1. Can you find a residue in the range 3-14 that is assigned to a helix (DSSP H, G or I) and surrounded by fewer than 10 Cβ atoms within 10 Å (Cβ to Cβ)?
2. Among all residue pairs at least 6 apart or on different chains, which show Cβ distances below 9 Å where the first residue, located in the range 32-52, is assigned to a helix (DSSP H, G or I) and the second is exposed (fewer than 10 other Cβ atoms within 10 Å of the Cβ) and at pLDDT below 90?
Amino acid sequence: MAKTEKEERLARDRAEIAARVESFRETQQKFEREREQYCDKTLANAVNGSTRPSFWR
């Protein structure tokens with residue numbers, strides 16, 4: 001059974017949308033990892049006191 005031109009176009013459009021959604025999801029996961037790393041680093045510096053200027057010591 002052959003697909004019509006419209007069905008083929010819709011299939012291509014769906015595939016493109018799925019690829020864009022996956023790319024967006026990957027980007028959001030990357031940003032989340034970076035935020036978590038930044039938070040961990042910032043908290044570690046706050047606990048260790050290494051972020052204080054030398055004149056505070």
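The values are calculated or read from the model by the stated rules, or taken from the named source; none is laboratory data. Remember, predicted model here, so these are calculated numbers, not experimental data. Glycine gets a Cβ as well: all are built from the backbone with ideal geometry, and neighbour counts include every protein chain shown.
1. Yes, the range 3-14 has at least one match.
2. Filtered contacts from the range 32-52: Ala44/Ser50.
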